[in-house]
Amino acid sequence: MIGSIAAIGAGLAAIGAGIGIGRIGGSAVEGIARQPEAASKIQTNMIIAAALVEGAALFGIVVALLGNNPS
Amino acid sequence: MDIVTPEIGMVFWTTVAFVLLLFILGKYAWKPIMAALREREQSIEDALLAAEKAKEEMVKLNNESERLIKEARAERDQILKEAKATREAIVSEAKQQAQVEGARLIAKAKEEINTQKAAALAEVKNQVALLSLEIAEKVIGKQFEDRNKQENLVTDLLENMKLN
Amino acid sequence: MHLSRIFTLRNLLSVLVFGVFAISAASARAFSPQDEQAGHEAHQEQKGVQEEEKFDAASAIMHHISDAHEWHIIGDVAIYLPVILYGEDGLKLFSSAHFYHNPREITWAADGREKTETWYEYDGFALFHEKIYQLDENGTLRLDEAGHPLNARPLDFSITKNVASMFLSVVALLLIFLAVAKGYKKRRGKAPKGLQSALEPIVLFIRDDIAIPNIGHQYGRFMPFLLTVFFFIWINNVLGMIPFFPGGANVSGNIAFTFVMGTVTFLITTFNGNKNYWKHIFAPEVPVWLYPIMIPVEIISVFSKPFALIIRLFANITAGHIVILSLVSLIFIFKTIAVSPVSIAFVLFMNVLELLVGFLQAYIFTLLSALFIGMAIAEHAEH
């Protein structure tokens, strides 16, 4: 039971991260299309932002892990 | 849960390893590397600046040489002009001198001529006088045979005298 | 010097080649949970208790990403690492081989089911799930209902697999960068060569794209820290990707490791914080009645920043390992070799991704450290 709830939590975290990274990627592509000369700069910032969002999702996953295996 | 609980041993050894790494690398690697990178960047910058400077210098030198050439050319023109002027001056002076000399010679010649003429005239006068005297002697020797002829003769003589 | 220049096609290709290499090894290694269990539970087999045990992917994965007191190489071959304990009887130092050659069994009841687990005993200490406990006065290990030992734990300063792997990376870093530094001395003012030219873009990248934009003109003071953190995390990430002997440890996915890294950043930020930084925390430019809300928030943010660093690195690397191991585990869950092409394809993809993540996380850790330091030493608080 606890395991399933933890898995749901991890899934929710993944949804959040998915939306976040999707938005970042979409906006970055839009930005690159609008300003191809700024591509490398946008790419760098996109990767940083994506990693930050991913970090937030991983918080959720860590908490899910914690919940899955209470000590 | 276990995996999110830091183990004291790992914390200890990580601290040791990291501090060791920071110290050794900081002293023997990052310092020389950063210094070398800075030095190289500085030298590249210096080289670029020097190149820029050299370029400027060259432009300056070019300008200088151009200026010098122009000046030389101007000087040459000047010299040529002066030479021409001098030549002309010399020529004209020579001409003038020649003219003056010529004139002087002519004048001298004229004077000579005049002197000679005067001398000649004097001679002639003397001769005339002598001749007149001779004529007169002759005439007087004939004794006035004809009055008219005498008159004519005298008149002629006088006229001739006047001519001279 | 942008990221894109580092992730050129050629680099990606070499990563791919490395990835394929890693996969073949990873699949070989996936057998090891069973091997290890077989090794550790040799006595069980001797007794002839040949049970068709269900493959427990979760515990196998957890076993792989957690620390160990031996460094498993292949089959029954392992390096037994020294155990250093500080307990009631003072300092103790012995080889972990003593533990692994002296297995014991413990049975406990969980949810009405009997469960048997192996532990190891030596000199009054017990090794249970790679954790060392002090045996009680009866010389036994006692478990509670959830299967957690009730015994006290000595301070365990053992050279575990993670510690050994970390030392290996320290030695590697020293060798690499002292050689590079020598190269700079030898070819003073000349173009870089070999290893030097491979690492110079990264050093310049850290200086020009991380330190200078985020810290400003005082960047020089923090460069040694940023460079060390970056390369230390990166090399540990990469070593963790290697599935066999010299790697295989989950060093940068260990919370203690990231905890130390984050703490160092926290200490540097705190001790270098200037007037503006502290004023921003304790006397922010807001109406005074907001202070009861603002000051706690600011104080929490001081601690949450390094905490986020710690968790981010830990979670990213551990999650990567878990995903790769889970994909390999599919073969054993379905008990068929037919799954392996799919599994291997996904593992290949994940390995390549993890190499990127390994670099990226080192970069992000360094970047955020630089950002926090820059915020602490900024001359004017940004608003």
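Do we find a residue being over 26 Å from C:HIS72 (Cβ atoms), open to solvent by less than 50 Å² (accessible area, probe 1.4 Å) and part of a loop (DSSP other than H, G, I, E, B) anywhere in region C:144-163?
Taking every residue of region C:144-163 in turn, none turns out to be over 26 Å from C:HIS72 (Cβ atoms), open to solvent by less than 50 Å² (accessible area, probe 1.4 Å) and part of a loop (DSSP other than H, G, I, E, B).
Cβ-Cβ distance below 7 Å, separation of 6 or more or different chains: which pairs start in region B:104-131 with a residue that is surrounded by 11 or more Cβ atoms within 10 Å (Cβ to Cβ) and end on one that is in a helix (DSSP H, G or I)?
B:VAL128/B:MET161
The rows are residues; the columns are (1) part of a helix (DSSP H, G or I); (2) more than 14 Å from chain C (Cβ to nearest Cβ); (3) in contact (Cβ under 8 Å) with a residue 24 or more places away in the chain; (4) of a type in the set (Gly, Ala, Ser).
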{"position": "B:PRO6", "(1), (2), (3), (4)": "no, no, no, no"}
{"position": "B:TRP30", "(1), (2), (3), (4)": "yes, no, no, no"}
{"position": "B:GLU39", "(1), (2), (3), (4)": "yes, no, no, no"}
{"position": "B:ASP46", "(1), (2), (3), (4)": "yes, no, no, no"}
{"position": "B:GLU56", "(1), (2), (3), (4)": "yes, yes, no, no"}
{"position": "B:LYS60", "(1), (2), (3), (4)": "yes, yes, no, no"}
{"position": "B:ARG76", "(1), (2), (3), (4)": "yes, yes, no, no"}
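May I ask you to say which residue of C:ILE322, C:ILE311, C:ILE293 is over 22 Å from C:ALA362 (Cα atoms), assigned to a helix (DSSP H, G or I) and either modelled with pLDDT of 90 or more or of a type in the set (Val, Ile, Thr) (or both)?
Details: C:ILE322 fails: over 22 Å from C:ALA362 (Cα atoms); C:ILE311 fails: over 22 Å from C:ALA362 (Cα atoms).
After applying the criteria, what remains is C:ILE293.
How many of the residues in region C:172-229 are under 17 Å from C:PHE372 (Cβ atoms) and part of a helix (DSSP H, G or I)?
Residues in region C:172-229 being under 17 Å from C:PHE372 (Cβ atoms) and part of a helix (DSSP H, G or I): 18 in total.
Name the single residue that is nearest to the chain's Cα centre (by Cα) among those in region B:44-92 being aliphatic (A, V, I, L, M) and closer than 30 Å to C:PRO192 by Cα. Can you show your working first?
To start, the set of residues in region B:44-92 that are aliphatic (A, V, I, L, M) comprises B:44, B:47-51, B:54, B:58-59, B:61, B:68-69, B:72, B:74, B:79-80, B:83, B:85, B:89-91.
Filter again for closer than 30 Å to C:PRO192 by Cα, leaving B:44, B:47-51, B:54.
On the way: B:ILE44: 52, B:ALA47: 47, B:LEU48: 47, B:LEU49: 45, B:ALA50: 43, B:ALA51: 42, B:ALA54: 37 Å.
So, considering only residues that are aliphatic (A, V, I, L, M) and closer than 30 Å to C:PRO192 by Cα, the one nearest to the chain's Cα centre (by Cα) is B:ALA54.
Does C:ASN351 satisfy the criteria of being in contact with a helix residue (DSSP H, G or I) (Cβ under 8 Å, 6 or more places away or on another chain), at pLDDT 90 or above and surrounded by 23 or more Cβ atoms within 10 Å (Cβ to Cβ)?
yes
Can you spot a residue in region C:313-321 that is among the hydrophobic types (A, V, I, L, M, F, W, C), within 12 Å of chain A (Cβ to nearest Cβ) and surrounded by fewer than 23 Cβ atoms within 10 Å (Cβ to Cβ)?
Within region C:313-321, one or more residues are among the hydrophobic types (A, V, I, L, M, F, W, C), within 12 Å of chain A (Cβ to nearest Cβ) and surrounded by fewer than 23 Cβ atoms within 10 Å (Cβ to Cβ).
Within region C:356-383, how many residues are more than 20 Å from C:ALA308 (Cα to Cα) and buried (at least 22 other Cβ atoms within 10 Å of the Cβ)?
Count: 0.
Kindly check whether there is at least one residue in region A:3-13 that is within 30 Å of C:PHE205 (Cβ to Cβ) and assigned to a helix (DSSP H, G or I). Lay out the reasoning, then the answer.
Taking region A:3-13 and keeping what is within 30 Å of C:PHE205 (Cβ to Cβ), we get none.
No, there is no match, as no residue in region A:3-13 is within 30 Å of C:PHE205 (Cβ to Cβ) and assigned to a helix (DSSP H, G or I).
Could you figure out which of (1) at pLDDT 85 or above; (2) among the hydrophobic types (A, V, I, L, M, F, W, C); (3) surrounded by 13 or more Cβ atoms within 10 Å (Cβ to Cβ) isn't true of A:ALA64?
Failed condition: (1).
Being farther than 20 Å from C:GLY320 by Cβ, among the acidic types (Asp, Glu) and either open to solvent by 50 Å² or more (accessible area, probe 1.4 Å) or modelled with pLDDT of 85 or more (or both) is the requirement here; does A:GLU30 meet it?
When the stated conditions are applied, A:GLU30 passes them.
When you scan region C:170-179, do you find a residue that is more than 7 Å from every other protein chain (Cβ to nearest Cβ), free of Cβ contacts under 8 Å to residues at least 40 places away in the same chain, open to solvent by 60 Å² or more (accessible area, probe 1.4 Å) and within 15 Å of B:LEU21 (Cβ to Cβ), even just one?
So far as region C:170-179 goes, yes, one or more of its residues are more than 7 Å from every other protein chain (Cβ to nearest Cβ), free of Cβ contacts under 8 Å to residues at least 40 places away in the same chain, open to solvent by 60 Å² or more (accessible area, probe 1.4 Å) and within 15 Å of B:LEU21 (Cβ to Cβ).
Please count how many residues of region C:130-159 are within 12 Å of chain B (Cβ to nearest Cβ) and in contact (Cβ under 8 Å) with a residue 40 or more places away in the chain.
Number satisfying all stated conditions: 8.
Considering only residues that are within 20 Å of B:GLU7 (Cβ to Cβ) and of a type outside the set (A, V, I, L, M, F, W, C), which ones fall in region C:120-152?
Matches in region C:120-152: C:TYR120, C:TYR122, C:HIS129, C:GLU130, C:LYS131, C:TYR133, C:GLN134, C:GLY147, C:HIS148, C:PRO149, C:ASN151.
Taking the condition within 13 Å of chain B (Cβ to nearest Cβ) and more than 30 Å from B:GLU41 (Cβ to Cβ), does C:SER252 pass? Explain how you work it out, then say what you get.
Details: within 13 Å of chain B (Cβ to nearest Cβ): yes; more than 30 Å from B:GLU41 (Cβ to Cβ): yes.
Answer is yes for this residue.
The values are calculated or read from the model by the stated rules, or taken from the named source; none is laboratory data. Predicted, not measured: the structure shown is a model, and the values here were computed from it. When we count neighbours, we look across all protein chains shown, and the Cβ atoms used for this are built from the backbone with ideal geometry, even at glycine. To get the accessible areas, we keep the full protein, side chains included, count just its heavy atoms, and leave off ligands, DNA and RNA. Shrake-Rupley method; radii C 1.70, N 1.55, O 1.52, S 1.80 Å.
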